[in-house]
Amino acid sequence: MEVVRLRKVSKRYGRREILADVDLQLNAGELLALVGANGSGKSTVLRLMVGLARPSAGSVQRNADVVSYVPDVFTSHDRLSASAYLRHMGRIRGLSTRTARDRSLELLDRLALSGGAETPMRKLSKGNAQKVALAQALLDPPQLLVLDEPWAGLDATAHSTLRELLTETAEQGAAVAFTEHSAEVVRSTATRVCELDHGKLTSLRRETALTELHLIPAADIDWDHHPDVLEVRRTGAGVTVLLPTGRHDAALLTALNHGWSVVSVRRVKSE
Amino acid sequence: MSALYRYLLTSVLLSQRYLPPTLIFLAAMAVGTTSDNGPLQSSYSFCVLAMLVCTTWLTVSIVNHEDPTQRKITLVMIGSSLRVLTMTVAVVITWCVPLLVIGLVYPIVTGKHVVTAADLAVGAAAQLGAAMIGIAIGLLCSRLVIPRIGVAMLTAAVAILAVLLLRWISPIRPIMTVLSDEKSAAANAVPLTLLAALSAILLAAAVLATKLLADRKE
């Protein structure tokens, strides 16, 4: 079932064209990742999807009653506690006070909000505030869930929990769209990837070109939790690290700074 | 909708943003109406001025209090910026109710006046009218319309002066004129009720204008 459809959508702010002739369809059960450089128009597409922005040309058709949105930055100055805030959000969604409370505590527990649910919102760290922002979006199972860089600021545990939550939400029939810079996250979460380049939806693809680094270890580096690394293989004395082309320079520098030897750097075929 | 109202009201109460305009209102009451022995309607005329300034400030404070990112979340949840704005106005009006009661009662308690029910009705209508015009000015000078706080404050000050000095741009000047004439409260009740009704229409227009101007930015 089609949940959102953007037809020939263009968006201008003054004379600046943000999007040009974007056609995009998002179906129920899909996990769409929007990738692209900063300023390419990803957030604008998300805002158009949820109705926070209006297209300068073209049309946006939305077939969803329960829509949830997680903005790219969530810094609340509210004196309300996280649990009270979520109860209010649940009540606004139409949940009963009890359901809103139970559901918010369940989500905060799953996302492992440190410091407790009674911490005032304005005292939460960026990562914890992000967990609350995610929880408010999932209180009532949405039909359309839109998230702008939802993994930003999350710790490793919450990282994988969010991935699970998004997959579950899509499996329940929601259409999910998100932006993300980490290729590993996009690869492991999305069922479809769209790339925006200067406001144009130029390609639909599963993965970018990859680079394989063959390294000889020295000082310890935790490649398994490196944000850009897609795969780590240990072969005898060596380590092979796979990551998206364009993001391999930083990894290479990390290896050299830790005294690792580089045996080879080679491009490999993408999926 | 009532859940949104409760959330906005709780958030505002916890923020204490209402305190400065409220304290200014109370200070103005104390300075302007204490020990006043003249006609009660003249005291209410001063209350109208205090209410206008206070509600403008209160509205700007309350509308600007909501975090822009939280506002986006709320807008997506509710699905209508007009509903969210209407609830915000409802919160401001709620806070105006105790101010209106203070504005009605304080001059009576601290001064020496002969009080009739018509006096109270006239005072309530006049202050309600002023509150609604103050809210209208506050909405149009809030961050939703004017993002730069310095420009917004200046605009609000000019707007308040304009409605006080110019007769035909709002009901404020006519309200003050009616309150300061020599007629009885019973005779002034009808024109002040009509002026309060006109203020309500202007407030509704300001809500719509604010919605359209805020939506245009997106």
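The values are calculated or read from the model by the stated rules, or taken from the named source; none is laboratory data. Worth saying up front: this structure is predicted, and the values here are computed from it rather than measured. Reconstructed Cβ throughout: ideal geometry from the backbone, glycine too, with neighbour counts over all protein chains shown. The area values use the complete protein model at the heavy-atom level, side chains included, leaving out ligands, DNA and RNA. Shrake-Rupley method; radii C 1.70, N 1.55, O 1.52, S 1.80 Å.
Observations on the model:
- Note on segment B:2-216: dipole from Cβ charges, positive end direction compared against B:Ile78, B:Gly111, B:Met51; the farthest Cα belongs to B:Ile78.
- Buried surface for the A/B pair, taken as the accessible area of each chain alone minus that of the pair with a 1.4 Å probe, is close to 2100 Å² in total.
- Cross-link partners of A:Lys126 among lysines (Cα-Cα below 19 Å; sequence separation of 8 or more within a chain): B:Lys72
- Proximal aspartates and glutamates to B:Lys217, defined as alpha-carbon separation beneath 19 angstrom and excluding residues fewer than eight positions away on the same chain: A:Glu17, A:Asp72, B:Glu66, B:Asp67
- Here the convex hull built on the C-alpha positions of segment A:210-268 has a volume of 69 cubic angstrom per residue.
- Relative to the Cα centre, the charge distribution of chain A, modelled as +1 at Lys and Arg Cβ and -1 at Asp and Glu Cβ, gives a dipole magnitude of about 960 debye.
- Per-residue [θ]222 nm for chain B (sum of -39500 (n - 2.57) over DSSP H runs n ≥ 4, rounded to 500): -28000 deg cm²/dmol
- Å³ per residue enclosed by the Cα convex hull of segment B:112-218: 105 Å³
- Considering only A:Phe178, A:Asn27, A:Ile92, and ranking their Cα positions along the charge dipole of chain A that arises from unit charges at the beta-carbon of Lys, Arg, Asp and Glu, the one farthest toward the positive end is A:Ile92.
- Carbon-plus-sulfur accessible fraction, segment A:210-268 (probe radius 1.4 Å, protein heavy atoms only): 52%.
- Peptide B:78-85 - average C-beta neighbours from other chains (10 Å radius): 1
- Excluding same-chain neighbours fewer than eight residues apart, the lysines reachable from B:Lys183 by a Cα-Cα span under 27 Å are B:Lys112.
- Beta bridges per DSSP with both ends in the protein assembly as shown, % antiparallel, nearest 5: 70 percent
- Between 0 and 90 degrees, the angle of helix B:19-33 with respect to the longest Cα principal axis of chain B falls at about 10 degrees.
- Electrostatic dipole magnitude of segment B:1-111 [Cβ: Lys, Arg +1; Asp, Glu -1; Cα centre; debye, to 20]: 340 debye
- Antiparallel DSSP beta bridges within segment A:2-204, as percent of all bridges there, nearest 5: 50 percent
- Heavy-atom accessible area order for B:Ile108, B:Ile135, largest first, 1.4 Å probe: B:Ile108, B:Ile135
- Highest-fluctuation residue, B:Thr116, B:Thr33, B:Thr55 considered, GNM on chain B with Cα pairs under 10 Å: B:Thr116
- Given charges at Cβ of Lys, Arg, Asp, Glu: segment B:164-218 dipole, positive-most of B:Ala206, B:Asn188, B:Thr177: B:Ala206
- Across A:Lys11/B:Lys211; A:Lys11/A:Lys123; A:Lys131/B:Lys211, pairs whose alpha-carbon gap is larger than 25 Å: A:Lys11/A:Lys123; A:Lys131/B:Lys211
- For segment A:99-135 and segment A:152-173, distance of Cα centres in Å: 14 Å
- At R0 = 22 Å, FRET efficiency that the Cβ-Cβ distance of B:Glu182 and B:Leu49 yields, to 0.05: 0.65
- Only Lys, Arg (+1) and Asp, Glu (-1) charged, at Cβ; segment A:210-268 dipole about Cα centre in debye: 240 debye
- Modelled label reach - B:Thr155, point 7 Å along Cα→Cβ, segment B:52-78 residues with backbone N closer than 20 Å: B:52-69, B:71-72
- Per-residue extension of 0.36 nm, minus the Cα-Cα distance of A:Asp249 and A:Thr75, leaves a gain of 59.4 nm for this segment.
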